[in-house]
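A.B. asks: Submitted below is the structure of interest, expressed as structure tokens.
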Amino acid sequence: MDRRRVLGLGAAAGIAALMPGRVMAASDPVPVLTNWTKLTLQLVRHTATYSPPVAARAFGYLGVTGYEAVAACDGALTSLAGQLNGLAPLPRPGDGAHDAAMVLQAALSAGTAHFFANTGPSGQRAMATMRRKLDEQVTAGLPEDVAARSRALGLAIATHICGWADGDGGAVIGNMGFPESYAAPADPAAWVPTSLVRQQQAPLLPDWGTVRPFAMPAGNTCSLPPPPAYSEDPASAFYAEAMEVYTATKALTPEQNLIARFWSDDPMLSSTPPGHWIFVANDLITRRQLPLAASVDVMARLGVAMADAFIGCWQAKTTYNLLRPVTYINRVIDPAWKPLLNTPPFPEYPSGHSTVSGAAATVLTAAFGDGYVYDDFTHEREGLDGRAYASFWDAANEAGISRLYGGIHFRAAIEQGLTQGRCIGAYAVALRTLA
Amino acid sequence: MKGMIRLLGLVLCAAPVAAQTVPQFVEETTPSGLSHQFTGEWEYMVGGGVAAFDCNGDALPDLALSGGTGPAALFVNQSTAGGALAFAPVESGIETEAVTGTYPIDIDSDGITDLVLLRVGENVVMRGLGDCRFERANEDWGFDGGDAWSTAFAAMWEPGESLPTLAIGNYINQREEAYPWGSCTDNWLHRPAGAGYAAPLPLTPSFCALSMLFTDWNGSGRKSLRVSNDREYYEGGQEQMWHLEPDQPPRLYTPDEGWKRLRIWGMGIASTDLDADGYPEFYLTSMADNKLQRLVTPAPDALPDYTDVAWAKGVTAHRPFMGEDLRPSTGWHAQFADVNNDGRADLFVAKGNVWEMPDFAMADPNNLLLQGADGVFVEAADEAGVASTHAARGGAVVDLNGDGALDLVVVNRNAPLQVWRNSGPVGNWLGVALSQPGPNPTGIGAWVEVRTGDHLQRHEITSGGGHVSGIWGPQHFGLGTAEQAEVRVIWPDGRVTEWTAVQANQTTTLSP
């Protein structure tokens, strides 16, 4: 099957903005999608509870929101209701003309406000400004009754999806995702806190593996084999993995150092790893002028895949509860060693960035094709030049190995994470979007 | 050395003070007549400063208060020595709107303290005229007030200059409504030129500074500029420190020089030499965990490589210590000060939610962390009576009634300012004021050392830091049970006075 065709990339760019049979002049809905996505990336960075799993969840729901808003106005697209776990049939348009841009604008503004209700004053101000400005753009020249009808439909879709989201087990985040306490098992292999930050003395979101997935059946659907058995024996596989991290980080080349920083994607300092991939997709939509249906399709699948990736990854992290390289290396190899990157405050195996990157590469490869060459400008505004990739898997593999260069993951966590991501991403690719 | 001792006429009892004595603070906001608010919405989510300094020569600190959308105000201190706090508003010339912060400094070295008003819009330097009156001096001094959202200040005298070098920290581009992130505007360095100031020098890159401080961090005798930045708004930013060499452009410390990248919601800087090793420690307020930085290898050729000892010293102050709201805290003004006069610096931290940020505590009490003999701090704000849960911003720990016990004034956002009188018990104390002829009459950049037995305390005389709040007046030292102490000064030009014995419970003025 030609997946590019399934995703609509082969369709004409000018998908009707108004419902068939009720065509009126209307604005282009694509900027509505890309502008809200840009703002969402900022909100992720600037909302304290938005650790990578929480961010991925929001991208998943907002991706579905955008897709369903467009699907409601495009008879060629079929709803994801019944395909995504727990998603009941969505509101459909009634009589009268609807404007796709207005439906999308209403749905995304309401959905974004819901998922970022706890952002700070600047985020609230930015959302209000975005809503006002896009409202002005999409309603310009639009009959009032069409605008009102379209707004009502968009709000109904957002309300439906937000209600669906509220029941997934991941809607409420207390203490920025950290439990109040943690008692490390009496096992030398067990994760122990690695940070001097008081709040981070317990693992982040230990129950995230039980959050309801979007497309894959369950959190453990793409389960992994265990990591190499813990051992302090220099002849052991585990010691060899740790020594690989130690050796590599002691002799990083400038390029390896740059790779580690490029994919660092720290929460509260960036849009997080899933945000990195959302940026790439949003940028491609704009630069390559993707048609509307293809744009919302790829955003929905990407969001779904990455949200599921964190659920599956966290399920495995909790199962294996493995210590971080800094703990082992300081204990066994070199008490003074420090990793290049801040060690994340949760268990090591598998690597979250690897899992999510594997899932993202799976979706984007299906959408854009193998060997799709592109430039990644995610961190350009922070002074890091864009990087060129020969394919999405080229990028995903680099994202994976960046965690070894950064000194925060062993190789097994990277390789198995990418494998897990490929498995999880396939469920998002299998979603049916053409009617 | 010309040591001049001036008795204040009030001597507290010299009863022994046990470790961790918790002084009792009595709130006297309403009876004191100190009625003022810092108000405003988005442009005033940060700011809210107070300047505590004597503007009428009665040795009691008066208060210049920022008002945000309301006018700034000056309150003259009418307290009686050791008595209840009393203030009266006066028309002083600073009654302008959009003021975020206030810092006192004698810019023209005429013996009358001037004021720097940080604003959303043009900053204004106000020349002190005496008797708590001020006039605008931007034009006379060639000071370009700019048109930014200013939120940080620091000052020092560079060698041979008649005017101080002023650093102004700027925040977000206030006109960026939709995407404020990444819009940090340049901080400015105002260096003297002739009888006034040269055109400001942009400190590029700038990362939304909320506190700045000139400090001799490595005991070299040269000052560097530390800048604490709010990561909420910068892109590619971090905490910063600038080289300031005479006649050279400012230059950032680099990783090659040992500077380590740290990215926090930097809101305030407090410094003191906690272990009296000659190298100050720095407390950086933020959201959730706050930082206490100590040099990894304190030595004359030290690299600016700091380790965070906040947890070990008990000063993370990362969440409310009382009440049921256990969400992470938001820290603003911080100040080391010995509130029980036991000879050890304590730490006050103003706390308050930025503005309806539900991921952070809304009922966020201020901290008063008392340092024990082991160097570990213990929370005492509730027991001391200062655990207010208003949205605090700036503040000053300062002796408002001249009794040798440090009192507390806190500026809250969109809520009344609060003031507390320290009713003790406290130990003996010593005030040390500096005076020298010519420029820099109050010795900014000097170190004051006070010795009681084998216990040494060291204060660096700075202008800046905290959160948009500054104090100008004698340095306060707690002496515990000691009836006398020895004091000396290391002046900014490197001259060192002899150790001089002084009696406790008075303010002494030292000159070179």
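Only the coordinates and a few stated rules stand behind these numbers; no lab work does. These figures come from a predicted structure and were not determined experimentally. Using ideal geometry, Cβ is built from the backbone for each residue, glycine included, and neighbour counts are taken over all protein chains shown.
A.B. asks: List the relative contact order of the stretch A:331-400 as a percent without decimals, with contacts defined as Cα pairs under 8 Å and 6+ residues apart.
C.D. replies: Worked out over the stretch A:331-400, it gives 34 percent.
A.B. asks: Let me ask you something else. Run down the aspartates and glutamates and flag those whose C-alpha is under 14 Å from the C-alpha of residue A:250, throwing out any fewer than 8 positions away in its chain.
C.D. replies: Within reach: A:334.
A.B. asks: Please name which of B:380, B:24, B:452 has its Cα lying farthest along the dipole of the protein assembly as shown towards the positive end, using unit charges on Cβ (Lys, Arg +1; Asp, Glu -1) and the Cα centre as origin.
C.D. replies: After comparing all options, I get B:380.
A.B. asks: Given H placed 1.01 Å from N in the peptide plane, which residues other than close sequence neighbours of residue A:343 have an amide H under 5 Å from its amide H?
C.D. replies: Excluding prolines and chain starts, which carry no amide H, there are no hits.
A.B. asks: Go through B:52-61, A:303-312 and give me the packing order, highest mean Cβ count within 10 Å leading.
C.D. replies: Working: B:52-61: 20.1, A:303-312: 33.2.
In decreasing order of mean packing, B:52-61, A:303-312 become A:303-312, B:52-61.
A.B. asks: Still on this structure, please answer the following. Around residue B:118, which amide H atoms from residues at least 5 apart in sequence, or from another chain, sit under 5 Å from its own amide H, with H modelled in the peptide plane?
C.D. replies: Sorted by chain and number, the residues that satisfy this are B:100, B:101, B:102, B:103.
A.B. asks: Let me ask something else about it. State whether chain B is rounded, prolate or oblate according to the following rule on the C-alpha gyration tensor (a ≥ b ≥ c being the square roots of its eigenvalues): a/c under 1.5 gives rounded; otherwise a/b larger than b/c gives prolate, and the remaining case gives oblate.
C.D. replies: Rounded.
A.B. asks: Taking other Cβ within 10 Å of each residue's Cβ, how do B:190, B:455, A:160 sort, fewest first? Provide the component values of the computation, followed by the final result.
C.D. replies: Values: B:190 26, B:455 14, A:160 19.
Ordered from fewest to most neighbouring Cβ atoms within 10 Å, B:190, B:455, A:160 come out as B:455, A:160, B:190.
A.B. asks: Would you work out if the stretch A:169-250 is rounded, prolate or oblate? Take a ≥ b ≥ c from the square roots of the eigenvalues of the alpha-carbon gyration tensor; rounded if a/c is under 1.5, else prolate when a/b is larger than b/c, oblate otherwise.
C.D. replies: Oblate is the answer for the stretch A:169-250, as a/c is 1.5 or above yet b/c matches or exceeds a/b.
A.B. asks: Averaged across B:229-237, how many Cβ atoms of other chains sit within 10 Å of each residue's Cβ atom?
C.D. replies: Numbers: counts 0, 0, 4, 7, 2, 2, 9, 7, 3.
The mean count of partner-chain Cβ atoms within 10 Å per residue comes to 4.
A.B. asks: Which ³J(HN,Hα) values, rounded to whole Hz and listed in residue order, are derived for the stretch B:46-54 from phi using the Karplus coefficients 6.51, -1.76 and 1.60 in 6.51 cos²θ - 1.76 cosθ + 1.60 with θ = phi - 60°, glycine and proline given as x?
C.D. replies: Each residue's phi maps through the Karplus curve to give 10, x, x, x, 9, 10, 10, 6, 8 Hz.
A.B. asks: Pop the C-beta distance of residue B:252 and residue A:76 into the FRET formula with R0 = 41 Å and round what comes out to the nearest 0.05.
C.D. replies: 0.15
A.B. asks: Just need the relative contact order of the stretch B:128-170 here, percent rounded to a whole number, with Cα pairs under 8 Å and 6+ apart.
C.D. replies: With pairs under 8 Å counted, the relative contact order is 29 percent.
A.B. asks: Sticking with this structure for a sec: Based on DSSP, what percent of beta bridges with both residues in chain A are antiparallel, to the nearest 5? Can you show the working numbers first?
C.D. replies: Values: 6 of 8 bridges.
Restricted to chain A, the bridges split so that about 75 percent are antiparallel.
A.B. asks: Okay, moving on. From the helices alone, meaning DSSP H stretches of at least four residues, give me the mean residue ellipticity at 222 nm for chain A, per-run term -39500 (n - 2.57), in deg cm²/dmol to the nearest 500.
C.D. replies: Result for chain A: -16500 deg cm²/dmol, rounded to the nearest 500.
A.B. asks: Classify the stretch B:94-208 as rounded, prolate or oblate from the Cα gyration tensor: take a ≥ b ≥ c as the square roots of its eigenvalues, call it rounded if a/c is under 1.5, otherwise prolate when a/b beats b/c and oblate if not. Write down the numbers at each step before the final one.
C.D. replies: On the way: a/c = 2.47, a/b = 1.49, b/c = 1.65.
Note, shape of the stretch B:94-208 comes out oblate.
A.B. asks: What does the structure give for A:118-129 when I average, per residue, the other chain Cβ atoms found within 10 Å of the residue Cβ?
C.D. replies: Average per residue, whole number: 6.
A.B. asks: Fewest Cβ neighbours within 10 Å first, please rank A:340, A:41, B:408 accordingly. Show your work: numbers first, answer last.
C.D. replies: Details: A:340 16, A:41 22, B:408 27.
Placing the least packed residue first, the sequence is A:340, A:41, B:408.
A.B. asks: Would you be so kind as to identify which of B:353, B:318, B:304 lies farthest towards the positive end of the dipole of the stretch B:254-395, taking Lys and Arg as +1 and Asp and Glu as -1 on Cβ and the Cα centre as origin?
C.D. replies: Projecting each Cα onto the dipole axis, the largest value belongs to B:353.
A.B. asks: OK, next. How high is the relative contact order of chain B, in percent, with contacts defined as C-alpha pairs under 8 Å that are six or more residues apart? Don't skip to the end; give the middle numbers.
C.D. replies: Details: 1619 pairs, mean separation 97.6, N = 512.
Result for chain B is 19 percent.
A.B. asks: Continuing with this model, one more query. Taking the Cα centre of the stretch B:78-208 as origin, sum charge times position over the Cβ atoms of Lys and Arg (+1) and Asp and Glu (-1), and report the length of that vector in debye to the nearest 20.
C.D. replies: For this selection, approximately 280 debye.
A.B. asks: Tell me which of A:295, A:229, A:246 sits at the most positive position along the dipole axis of the stretch A:212-333, charges placed on C-beta atoms (Lys, Arg +1; Asp, Glu -1).
C.D. replies: The Cα lying farthest towards the positive end belongs to A:295.
A.B. asks: Quick one: 3J(HN,Hα) in Hz for the stretch B:394-406, Karplus 6.51/-1.76/1.60 with θ = phi - 60°, rounded, Gly and Pro as x.
C.D. replies: Once θ is set to phi - 60°, the couplings for the stretch B:394-406 become x, x, 8, 9, 8, 7, 8, 10, x, 9, x, 10, 6 Hz.
A.B. asks: Separate question: In what order do B:197, A:182, A:246 fall by count of nearby beta-carbon atoms within 10 Å, going from fewest to most?
C.D. replies: Ascending Cβ contact count within 10 Å gives the list A:182, A:246, B:197.
A.B. asks: With respect to the cross-link table entries A:38/A:338; B:260/B:313; A:317/B:260; A:338/B:351; A:133/B:291; A:317/B:351, which display a Cα-Cα separation exceeding 29 Å?
C.D. replies: The answer is A:38/A:338; A:317/B:260; A:338/B:351; A:133/B:291; A:317/B:351.
A.B. asks: Could you tell me which Cys residues in chain A have no other cysteine's Cβ under 4.7 Å from their own Cβ, answering none if every one has a partner?
C.D. replies: A:73, A:162, A:313
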